[in-house]
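Peer 1: Would you mind keeping the following structure in view while I ask a few things?
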Amino acid sequence: MRDVAIIATAQTKHVRSATTVNEVELIQPVIQEVIERSGLGRHDFDFTCSGSSDYLAGQPFSFVMTLDAVGAWPPISESHVEMDGAWALYEAWVKIQTGHADTALVYSYGKSSPGDLPRVLSRMTDPYYEAPLWPTSVDIAALQARAAIQAGVTSEQAMADIAYRSRTSAAANPFAQLTTSAQPLALMDEEYLADPLRRHDCAPITDGGVAIVLAAGDKARSLCSRPAWIRGIDHRADGHHLNFRDLTTSPSVRIAAEKAGVANGPVEIAELHTCFTHHEPILRSALGLGDDVEVNPSGGPLAANPMMAAGLIRMVEVANRIHSGEVSRGVAHATGGHALQHNLIAVLEGEG
Amino acid sequence: MPEEATTSGEEDVLRAPLVLEYPFKRTTGPVIGAFLTALREGRFIGIEDDQGKVLCPPVEYDPASGASLTKLVPVGSEGEVLFWSWNQSVRDGQPLDHPFAWAMVKLDGADTPMMHAVDAPHDAMVTGLRVRAKFAEERIGSMDDLLCFEPVS
């Protein structure tokens, strides 16, 4: 395998609604910033890959317009996934592994604010048995939370503690959307949004984007003083029928964590794509993380959840802490689909 | 959402409606089609998997092994709530037009649950609640033929 590292990152200040900019205008400054930080020139990228959703943009092939933010002349080698940017990174990593590229630009973005996001996300369900009922993302998450509480995986109090910890951690994150929280006991006094979920259990609706630069081997070492090496990366999916899944566990995370080598060394931090508070205990268990592992020091998606970018941002938050020398080994997780259906796990490490 | 494109005075931002559509027709095949046909007749069927477990609603392939499944079996119209959540903010297209519970209901004779609506007061919802299917009076062979589940009194 070739050594591949994240050598530069950038992200937007995440907001509830970026009303006055379109997707191209949203992501262009972030792409400019990450290119400058990487030390590479605009034409030095062997591969470019992005992640976004036509359902959010409201039109087919919307990513083609966003290429205006990159510049595609002279012609570039480019691809796109209709998935979180973490999977765009995965595609770029594979491209570098095949030897067809030494450097790659990866970005993703989403404006979740137009339309009724929970209802839009109901279209991810099975088209025959589930989609005709129009269950929202919150409806399905609430069912999963109940199953997890009944199974003793978590409790409403533990979920309030996670909400409080995440949003107060985010106070140190200049890009976060929500950076304050009432005390957990006060949170427990709030009305239910969708029993057993309260508003604090749900990630906010967020507009934003993120970009990273990947480089292989000596190229990475020459451009970055402390590259964040991708030591393991794997993604797995559980079945799409909610009916047949045990929603209190995540078999796909367990397998991906094993393939990515999470347990091959100490985990200092984990950035997890927790769109709801109850996702954290399910993921901690499937990843085999001890209680001493710090989860979501950035605040995580509960503090800023730009659709299509929040998974790749998990990698950025771990990579930034490796670049700065704050940590030497961390785990990043990204998810897609309902109730943690599809999961990607990456292990990032610094050298020396 | 506004009905047509407008500009809001304060920020002079152009706003337009976002209409969510998925205008495709699908064929349902020998298994899902059989389930929907049974619904039209006011009854449920499931399908046996590799291990002899009954999956309801039925699917064409074993979710674990991928093996082709063909053995359709009848399943009861009453069952048990395995777990549930409360839907206070009902949206367009959902099974009922007033607050209801989403539930995973395991029908008698089935080994897997199906997600659907239970029409009961919030304080009546409890795991293990016995429920019975309520069918539409006019049925056409679609998921809409099953209106919801109701508590067995």
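The values are calculated or read from the model by the stated rules, or taken from the named source; none is laboratory data. In this text the structure is predicted, and so the values were computed from the model without any measurement. Cβ placement follows ideal geometry from the backbone for every residue including glycine, while neighbour counts extend to all protein chains displayed. To get the accessible areas, we keep the full protein, side chains included, count just its heavy atoms, and leave off ligands, DNA and RNA. Shrake-Rupley method; radii C 1.70, N 1.55, O 1.52, S 1.80 Å.
Peer 1: I'd like the full set of residues that are under 11 Å from A:A163 (Cβ atoms) and within 14 Å of chain B (Cβ to nearest Cβ), limited to the range A:196-206.
Peer 2: Scanning the range A:196-206 gives A:L197, A:R198, A:R199, A:D201, A:C202.
Peer 1: Kindly establish whether B:G66 is within 11 Å of another protein chain (Cβ to nearest Cβ), at positive phi and modelled with pLDDT under 95.
Peer 2: yes
Peer 1: Is it true that some residue in the range A:252-265 is in contact with a helix residue (DSSP H, G or I) (Cβ under 7 Å, 6 or more places away or on another chain), within 19 Å of A:V4 (Cα to Cα) and buried (at least 24 other Cβ atoms within 10 Å of the Cβ)?
Peer 2: Yes, the range A:252-265 has at least one match.
Peer 1: Picking from A:R284, A:R314, which residue would you name as being of a type outside the set (F, W, Y) and more than 27 Å from A:A57 (Cβ to Cβ)?
Peer 2: A:R284
Peer 1: When only residues in the range B:40-60 that are of a type outside the set (D, E, K, R) and at the interface with another protein chain (Cβ under 10 Å from one of its Cβ atoms) count, which is farthest from B:M115 (Cα to Cα)?
Peer 2: The qualifying residue farthest from B:M115 (Cα to Cα) is B:V59.
Peer 1: Okay, moving on. Among what's in the range A:132-152 and is more than 8 Å from chain B (Cβ to nearest Cβ) and over 23 Å from the mean Cα position of the chain (by Cα), pick the residue that is nearest to A:A203 (Cα to Cα).
Peer 2: Restricting to residues being more than 8 Å from chain B (Cβ to nearest Cβ) and over 23 Å from the mean Cα position of the chain (by Cα), the top hit is A:I149.
Peer 1: Sort through A:I269, A:I255 and tell me the only one that's at pLDDT 95 or above, touching a Gly at 6+ places or on another chain (Cβ under 7 Å), β-branched (V, I, T) and outside the structural domain of A:S17 (by TED's automatic domain parsing).
Peer 2: A:I269
Peer 1: Right, another one. Scan the range A:201-250 residue by residue and report those that are among the basic types (K, R) and under 20 Å from the mean Cα position of the chain (by Cα).
Peer 2: A:R231, A:R236, listed by residue number.
Peer 1: Go through (1) under 24 Å from B:V13 (Cα atoms); (2) within 20 Å of the chain's Cα centre (by Cα) one by one and return the number of the condition A:N22 breaks.
Peer 2: For A:N22, the failing item is (2).
Peer 1: I would also like to ask the following. Evaluate the range A:318-333: report whether one residue or more is open to solvent by 10 Å² or more (accessible area, probe 1.4 Å) and more than 27 Å from A:V213 (Cβ to Cβ).
Peer 2: no
Peer 1: One residue is enough: does the range A:34-51 have a residue meeting the conditions within 19 Å of A:S112 (Cβ to Cβ) and in contact with a Ser or Thr (Cβ under 9 Å, 6 or more places away or on another chain)?
Peer 2: For the range A:34-51, residues within 19 Å of A:S112 (Cβ to Cβ) and in contact with a Ser or Thr (Cβ under 9 Å, 6 or more places away or on another chain): present.
Peer 1: Of the residues A:D246, A:D238, only one is buried (at least 19 other Cβ atoms within 10 Å of the Cβ) and outside the structural domain of A:E23 (by TED's automatic domain parsing); which?
Peer 2: Result of the check over A:D246, A:D238: A:D238.
Peer 1: In the range A:92-108, how many are open to solvent by less than 10 Å² (accessible area, probe 1.4 Å) and either under 30 Å from A:N22 (Cβ atoms) or at pLDDT below 95 (or both)?
Peer 2: Here the count works out to 8.
Peer 1: I would also like to ask the following. Scan the strands (runs of 3 or more DSSP E) fully inside the range B:33-124 and keep the ones with 3 or more residues being over 19 Å from A:T125 (Cα atoms) and open to solvent by 40 Å² or more (accessible area, probe 1.4 Å).
Peer 2: B:78-87
Peer 1: Can you tell me which condition B:T127 does not meet? The list is (1) buried (at least 22 other Cβ atoms within 10 Å of the Cβ); (2) within 15 Å of A:L143 (Cα to Cα); (3) within 8 Å of chain A (Cβ to nearest Cβ), and all the others hold.
Peer 2: The single condition B:T127 does not satisfy is (1).
Peer 1: Would you mind listing the helices (runs of 4 or more DSSP H) fully within the range A:14-90 where at least 3 residues are open to solvent by 60 Å² or more (accessible area, probe 1.4 Å)?
Peer 2: A:23-38
Peer 1: Scan A:E156, A:E190 and give me the residue that is acidic (D, E), open to solvent by 30 Å² or more (accessible area, probe 1.4 Å) and out of contact with any His (no Cβ under 8 Å at 6 or more places or on another chain).
Peer 2: Residue meeting the stated conditions: A:E156.
Peer 1: Cβ-Cβ distance below 6 Å, separation of 6 or more or different chains: which pairs start in the range B:112-126 with a residue that is within 20 Å of B:L55 (Cα to Cα) and end on one that is in a loop (DSSP other than H, G, I, E, B) and open to solvent by 10 Å² or more (accessible area, probe 1.4 Å)?
Peer 2: B:A117/B:P95; B:A117/B:L96
Peer 1: Now, a different point. Taking only pairs six or more apart or across chains, which ones have beta-carbon atoms under 6 Å, a first residue in the range A:73-101 that is closer than 18 Å to A:D44 by Cα, and a second residue that is open to solvent by less than 40 Å² (accessible area, probe 1.4 Å) and aromatic (F, W, Y)?
Peer 2: Taking only residues 6 or more apart or on different chains, the pairs are A:S77/A:F47; A:A92/A:F47; A:K95/A:F47; A:A101/A:F47.
Peer 1: Would you confirm whether or not the range A:87-98 contains a residue that is of a type in the set (S, T, Y) and within 14 Å of chain B (Cβ to nearest Cβ)?
Peer 2: Within the range A:87-98, none of the residues are of a type in the set (S, T, Y) and within 14 Å of chain B (Cβ to nearest Cβ).
Peer 1: Moving on to the next point. Give the residues of the range A:153-195 that are more than 14 Å from chain B (Cβ to nearest Cβ), under 24 Å from A:D139 (Cα atoms) and either in contact with a Cys (Cβ under 7 Å, 6 or more places away or on another chain) or β-branched (V, I, T) (or both), sorted by residue number.
Peer 2: A:I162
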